[in-house]
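Let me begin by presenting the structure, written as C-alpha cells, before commenting on it.
The values are calculated or read from the model by the stated rules, or taken from the named source; none is laboratory data. Everything quoted here is computed from the prediction, not taken from an experiment. Don't worry about glycine lacking a Cβ; one is built from the backbone with ideal geometry, like all the others, and counts go over all protein chains shown. Heads up: the accessible areas ignore ligands, DNA and RNA and are worked out on the full protein's heavy atoms, side chains in. Shrake-Rupley method; radii C 1.70, N 1.55, O 1.52, S 1.80 Å.
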Amino acid sequence: MKKIEKSSIYVCHTYYHVYVTLLKEFAKPKEEQGRASLILSKMSNDFEELAQRLAALGIFKEIFEYDEKRFEEFPELMKYNHPSKTFFMSIWNRYCFTKKYGKLQEQYIPTDFRKYENVYVFCDSDPIGYYLNWKHIYYHAVEDGLDTLRSSDLARADNAAHFELKAFLSKKLNIIFIQNGYGKYCLDMEVNDISVLKYPCPYYVEVSRAELMKRLTQEEKDLMLRAFVKDMAKIKQVIASKTQKTVLILTEPLCGLDVRKTLFMDLVKKYEDSYQIILKQHPRDELNYEKEFPEYLLVDRTVPMEMLNFFEDFRVDLVVSVFTELGNIEFAEEKLRLGRDFM
C-alpha cells in the first residue's frame, strides 16, 4: 500500500488553470487550505513571475516548474507517429508510442506523484497524461477551459473511427491512451456543465466554476488579484480611462501572427466608431499588441479574464470573443461570441 505524505497536487499549463485551481482550493475548509502543491508546466506558457508571487502569498505548500516535453523533441518516437495501412498496425504504433512517450517524460518530472492524496491534471492529452498512464498513477482530469468539451471534444475527434473500441482499449486494457476521462488511470474528469455536452460519459463529474467563484470571500478575491495582477496600477489606469461606451475585445491565438493582426484590427475597426476599445490579450497570444495597437487600452495577458469580475468599478457595455466562452463574465452588459461563422 502506497504511503500518502501530502495533500493534493495540480498540474497547470495556463494562467486559467491556476485560476481554477485557486477556486478549488479556496472552496476547501479553512483548516485544509495551504497544504496543496502546484506544478507549472513551461511547455506552452510563460508564467513569468507567477510562481514567486504565489510563493510569497503562501497559498501553496510547494510550487514546482515542469519542463514538459512535446513528442517532437524525441526522434525515437517519430517512427510511431505516422498513418498506418491497417487498423491493427495503427493500434500497435499507438501502443509503442504511448509506453515510450511516458517513459521518456520521466526524467523531467519534478516530484513523486505517488506521495500525493489527489493528483489533478488540466490537459491530460499533454505529456503528463502519458507519464501518469505509463507509471500507473491514478489522477483526476480537469476540463481545460470553460465548457471546452462543448465545442471541442478532442477525445472523440482524435479517435473518430471506431471510438467505442478505442475507448475500451484505453480505459479497460491500457493498450492505447485517450485523454479526457478515457485513460485507464483517470479516475474521473471534472467539467463545468454536463448539460451542454453532446456526448455523455460515465467518467464526467460536474463542478460548476460559477458556483466556485460565488463562494469566494473578499479576502480570497484580493489574494487572487495579488497573485495574477503584476501591475495593479495599470489595470486601475485602464478602468479610470473609460470615458464612453466600452467594448472589451478578447484576443485569441488564432492563425499566424500576420493574419491574427489583421483579424483583430478588423474587429477594432468595426467597433471603434461607437465604442471605446479595450483589448484583453490571451495568455498564449504572442502578438505584440502594445506595438501593433498602441492607441488602445490593453489588459495584460497574465491576467485571467475572470479576474476582471473582482474589480467592483470595472464594467463594459460589450465583450466580444471569437471562440472563448463568456459564461462566467459578470462585468459586461452584453456578450457576443462570434464562433466559426466569423472565421
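Across all directions, the shadow cast by the convex hull of the chain built on its C-alpha atoms averages 18.8 square nanometres. Only lysines eight or more places from LYS261 in sequence, or on another chain, were considered; those with a Cα closer than 17 Å are LYS269, LYS270, LYS280, LYS291. Protection proxy ranking, highest mean first, for peptides 317-325, 99-107, 9-17: 9-17, 317-325, 99-107, where packing is the per-residue count of other beta-carbon atoms within 10 Å, averaged. Every pair of different Cα atoms in the stretch 202-343 enters the Kirkwood calculation, which places the hydrodynamic radius at 16.1 Å.
What a 1.4 Å probe finds exposed on the stretch 38-171 is 52% carbon and sulfur by accessible area, rounded to a whole percent. Over the stretch 1-141, all Cα pairs binned in 5 Å intervals from 0 give whole-percent P(r) values of 2, 9, 18, 20, 18, 13, 9, 6, 3, 2, 1, 0, listed from short to long. Using Cβ point charges alone (K and R +1, D and E -1), the dipole size of the stretch 180-307 about the Cα centre works out to roughly 140 debye. Considering only LEU146, HIS17, ILE178, and ranking their Cα positions along the charge dipole of the chain that arises from unit charges at the beta-carbon of Lys, Arg, Asp and Glu, the one farthest toward the positive end is ILE178.
With the highest mean first, a sort of the peptides 20-26, 111-117 on other beta-carbon atoms found within 10 angstrom per residue produces 20-26, 111-117. Per residue, the chain reaches -9500 deg cm²/dmol at 222 nm when only DSSP H runs of four or more residues are counted, each adding -39500 (n - 2.57).
For the chain, the solvent-accessible area works out to 48 Å² per residue, with a probe of 1.4 Å and every protein chain left in place.
Lysine pair count for the stretch 121-217 (Cα-Cα distance under 25 Å; residues 8 or more apart in sequence or on different chains): 11. Between the stretch 23-100 and the stretch 126-157, the alpha-carbon centres lie 10 Å apart.
Derived value for the stretch 1-76: Kirkwood hydrodynamic radius 13.7 Å. Basis is the mean of 1/r over every pair of different alpha-carbon atoms. For GLY339, the shell of other residues with beta-carbons less than 14 Å away shows a net charge of 0, using +1 for Lys and Arg and -1 for Asp and Glu. Pairs of Cα atoms nearer than 8 Å and 6+ residues apart set the relative contact order; for the chain it is 14 percent.
Accessible-area rank, largest first, for TRP134, TRP92: TRP92, TRP134, with all protein chains present and a 1.4 angstrom probe. Amide H contacts for ASP188 (H built 1.01 Å from N in the peptide plane; partners 5 or more residues away or on another chain; cut-off under 5 Å): ALA141.
The apolar share of the surface of the stretch 184-323, taken as the fraction of accessible area on carbon and sulfur atoms (1.4 Å probe, ligands and nucleic acids excluded), comes to 48 percent.
About its Cα centre, the dipole of the chain is roughly 1220 debye, where the only charges are +1 on Lys and Arg Cβ and -1 on Asp and Glu Cβ.
What do you get for the angle between helix 257-271 and the principal long axis of the chain? Use alpha-carbon atoms, 0 to 90 degrees, nearest ten. Long axis of 257-271 versus the principal axis of the chain: about 40 degrees.
Spread over its residues, the convex hull of the C-alpha atoms of the stretch 245-285 is 47 Å³ per residue.
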